[in-house]
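Taking it in order: structure first as structure tokens, then the write-up.
The values are calculated or read from the model by the stated rules, or taken from the named source; none is laboratory data. Given the structure is predicted, the values throughout are model-derived calculations rather than measurements. Positions of Cβ are generated from backbone atoms using ideal geometry, with glycine treated the same way; all protein chains shown enter the neighbour counts. Protein only, heavy atoms only, side chains kept; ligands, DNA and RNA dropped before computing areas. Shrake-Rupley method; radii C 1.70, N 1.55, O 1.52, S 1.80 Å.
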Amino acid sequence: MNEPIKKIAVLTSGGDAPGMNAAIRAVVRACTYYRIDCLGIYRGYQGLIEGDFKPFTAREVSNIINKGGTVLQSARSEEFKTLEGRQKAFENLKEAGVGGLVIIGGDGTFTGGLKFIEEFNFPIVGIPGTIDNDIYGTDKTIGYDTALNTVVEAIDKIRDTASSHNRLFFIEVMGRDAGFIALNTGIGAGAEEILIPEKNLGLDRLEESLKVSKKSGKSSSIVVVSEGDKIGKNVFELADYIKEKYPFYDIRVSVLGHMQRGGSPSCYDRVLASRLGVAAVETLLDRSTGVMVGVTNNQVSTVGLNKAIKMNNDINIELLKVAEITSV
Ligand code: ATP
């Protein structure tokens, strides 16, 4: 594997995120810029196993920077979790003359990539693409900023109706293991309480802050609940529990769901994705492998894929205090 790289392949895998297209575009165009070929692999690792790929040129990625989703499509591949599946994928890459692979995705995608490197010594660089922002080694993941804006816009709309009817809303947002979306959109949309997986604030505190809101004369209350919060009740059970104890509340539940993944990427995500796409190609051409490219303190940085997977991106606890203070 020491000859110069003449062809790089790119795939998107796991959950899609706005900005993935901007990253694909940047990878393809960086390949053109550095005069190497680029191969687009459809449906993530499954497409790699099935040989579902085609050459991508700079013009083929025109007008996709503004589009949500991924033109390469994404998939979850059980077959890639088997050695036979990964063997097929390796043979396909070798046959197509690919010298390096860019994988855009989250934890699972990187775990699969790392295995592939260990088994076949194949050069791989990762780009963090997930709305959850739960990947160590980058200040932000691609799609996170767009998701924040989407969620804030949705909560603003819910606030309008909540205020008109003096209602209490429980709004569930994505984030099974990480509360970045809940915490930041909760502050951004002025929620009365925010429940996140990283910290179990307990039912007492929730009840207390609802009482405080009621007493202070607020015309509505909004509780933003992360999917994976640790209070031990899902958003519907939480609403039922409060209704039973405080029947005077007019309560509604809203689960924002998959709309959080869609939409045109924000300018921030487009720029981030463009920087990381270029960086991934340059990193492979520099003969580096097994790393993820990210942006740390506004500088492009790299971190080992093993670290990116194993370590956690810490939540900024100061934000919880800000949320408490600004919701009085
Ligand atoms: P998101 O966090 O947005 O869901 P992700 O990259 O973590 O994205 P996963 O579905 O966990 O999404 O993983 C994507 C794909 O990576 C899987 O479908 C599988 O093909 C591959 N993968 C995940 N874990 C492993 C593993 N342990 N070994 C081999 N491949 C894996």
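Suppose the filter is within 27 Å of residue 131 (Cβ to Cβ), within 16 Å of the ligand (Cβ to nearest atom) and in a loop (DSSP other than H, G, I, E, B); does residue 23 pass it?
In short, no.
Quick one: how many residues across the range 159-192 are assigned to a strand (DSSP E or B) and open to solvent by 10 Å² or more (accessible area, probe 1.4 Å)?
Qualifying residue count for the region: 2.
Residues checked against (1) open to solvent by less than 70 Å² (accessible area, probe 1.4 Å); (2) of a type in the set (Ser, Thr, Tyr); (3) in contact with a Gly (Cβ under 9 Å, 6 or more places away or on another chain); (4) touching a residue at least 60 places away in the same chain (Cβ under 8 Å):
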{"position": "260", "(1), (2), (3), (4)": "yes, no, no, yes"}
{"position": "271", "(1), (2), (3), (4)": "no, no, no, no"}
{"position": "280", "(1), (2), (3), (4)": "yes, no, yes, yes"}
{"position": "286", "(1), (2), (3), (4)": "no, no, no, no"}
{"position": "291", "(1), (2), (3), (4)": "yes, no, yes, yes"}
{"position": "297", "(1), (2), (3), (4)": "no, no, no, yes"}
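Could you run through the range 65-87 and say how many residues are open to solvent by 90 Å² or more (accessible area, probe 1.4 Å), without any contact (Cβ under 8 Å) to a residue 40 or more places away in the chain and more than 10 Å from the ligand (Cβ to nearest atom)?
Of the residues in that region, 1 qualify.
Pick from 218, 245, 233: which is modelled with pLDDT of 90 or more, within 16 Å of residue 170 (Cβ to Cβ) and open to solvent by 20 Å² or more (accessible area, probe 1.4 Å)?
It is 245.
Please work out if residue 276 is assigned to a helix (DSSP H, G or I) and touching a helix residue (DSSP H, G or I) at 6+ places or on another chain (Cβ under 8 Å).
Yes.
Enumerate the pairs (first residue in the range 99-115 and acidic (Asp, Glu); second residue anywhere and within 7 Å of the ligand (Cβ to nearest atom)) with beta-carbon separation below 6 Å, excluding pairs fewer than 6 apart on the same chain, so at least 6 apart or on different chains.
Correct list of pairs: empty, since none qualify.
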